[in-house]
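Please read the structure below before turning to the comments.
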Ligand SMILES: [Fe+2]
């Protein structure tokens, strides 16, 4: 129904109300949506472009106060420092002999190693050595630095809940007084203590809020996925085991939920091995996906959709109802 033109009195009232920093709820009704309508769009940063930019960054930008990390800005978020609504993904390069100086921050970080073995992330005095496919955790407010003592570049994907922390107005950041935090634990100590299925170090009494295991190795992940290859898995997510901490019964990184497989939630993904595709058209590279329907069992009167989640095409903006399909190998 066409709304009648505003009268002069209505227009005058609205102008004075806005000048006083007030808006009527009747003006904001369109923001009360029946279901989430994310602004982030499915998008893929092609490996060919990423690789070239990362290599060039190694020549053009020294590691200084800040890391040499290329931040992936979602084209749908109007220049926000965000890859999805709650996460920022980045690709970081550390050349042979380089050190990325120690700092800490309230956002939680994960590292997904893309290239190069033998670099390390040091977390609270423990060096965690990295190999392709590994997942490394850096809990909120933990001191951490990175080093590459090999003769080859090391590249990894960073994932941090920066947009979420910013929305909570909880961003804190601090440099350490020295380039690196002194080592206080053996290398890969968390793996020695907590990396064994069904065995728990009874003498360790600490109960951290985040996972005490800092390294989830690709080798063990690949073995687990292989043993699950014939399992049907979830109707929507397929075979996507999450990395939970056995000690805390919480996700390995609470605000990020790391898993292997296709995601229906807002996510950033990178294929580690094999080939396949998603409805957001991923090929080798990094891609985001954006859900637009709630994953709930609705009451019969609900107007929520069920079934395959619609996704907007990155290239056309049109919605697609194709299910995510990933080749299992
Ligand atoms: Fe950091």
Restricted to segment 157-185 and to residues being within 12 Å of the ligand (Cβ to nearest atom) and not in a loop (DSSP other than H, G, I, E, B), the residue nearest to residue 121 (Cα to Cα) is 158
Residue 106 being at pLDDT 95 or above, touching a helix residue (DSSP H, G or I) at 6+ places or on another chain (Cβ under 6 Å) and within 13 Å of the ligand (Cβ to nearest atom): yes
Out of the residues in segment 82-100 that are within 17 Å of the chain's Cα centre (by Cα) and either under 19 Å from residue 180 (Cα atoms) or in a loop (DSSP other than H, G, I, E, B) (or both), state the one that is farthest from the ligand (Cβ to nearest atom). 85
With 132, 107 as the choices, which residue is touching a residue at least 40 places away in the same chain (Cβ under 8 Å) and either crowded, with 17+ Cβ neighbours inside 10 Å or farther than 23 Å from residue 287 by Cα (or both)? 107
Residues that are at pLDDT 95 or above and either in a loop (DSSP other than H, G, I, E, B) or touching a strand residue (DSSP E or B) at 6+ places or on another chain (Cβ under 8 Å) (or both): does segment 25-36 have at least one? no
Check 56, 15, 98 and return the single one that is surrounded by 11 or more Cβ atoms within 10 Å (Cβ to Cβ), modelled with pLDDT of 95 or more and over 15 Å from residue 156 (Cβ atoms). 56
With the structure loaded, tell me whether residue 201 is without any contact (Cβ under 8 Å) to a residue 40 or more places away in the chain, assigned to a loop (DSSP other than H, G, I, E, B) and under 21 Å from the mean Cα position of the chain (by Cα) or whether it fails that test. no
Looking at residue 210 and the list (1) at pLDDT 95 or above; (2) surrounded by 12 or more Cβ atoms within 10 Å (Cβ to Cβ); (3) within 16 Å of the ligand (Cβ to nearest atom), which single condition is not satisfied? (1)
Within the set of pairs 6 or more residues apart or between chains, which connect a residue that is touching a residue at least 40 places away in the same chain (Cβ under 8 Å) inside segment 215-229 to a residue that is assigned to a helix (DSSP H, G or I) and surrounded by 13 or more Cβ atoms within 10 Å (Cβ to Cβ) with Cβ atoms less than 7 Å apart? 215/190; 215/191
From the residues in segment 40-75 that are in a strand (DSSP E or B) and free of Cβ contacts under 8 Å to residues at least 24 places away in the same chain, which one is nearest to the ligand (Cβ to nearest atom)? 71
Every residue in segment 225-245 that is at pLDDT 80 or above, surrounded by fewer than 16 Cβ atoms within 10 Å (Cβ to Cβ) and outside any loop (DSSP other than H, G, I, E, B), please. 226, 234
Going through segment 118-136 one residue at a time, which ones are away from the ligand (no atom under 12 Å from the Cβ) and within 19 Å of residue 192 (Cβ to Cβ)? 118, 120, 124, 125, 126, 127, 128, 129, 130, 131, 134, 135
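The values are calculated or read from the model by the stated rules, or taken from the named source; none is laboratory data. Fair warning: this is a prediction, and the values are worked out from it, not measured in the lab. Positions of Cβ are generated from backbone atoms using ideal geometry, with glycine treated the same way; all protein chains shown enter the neighbour counts.
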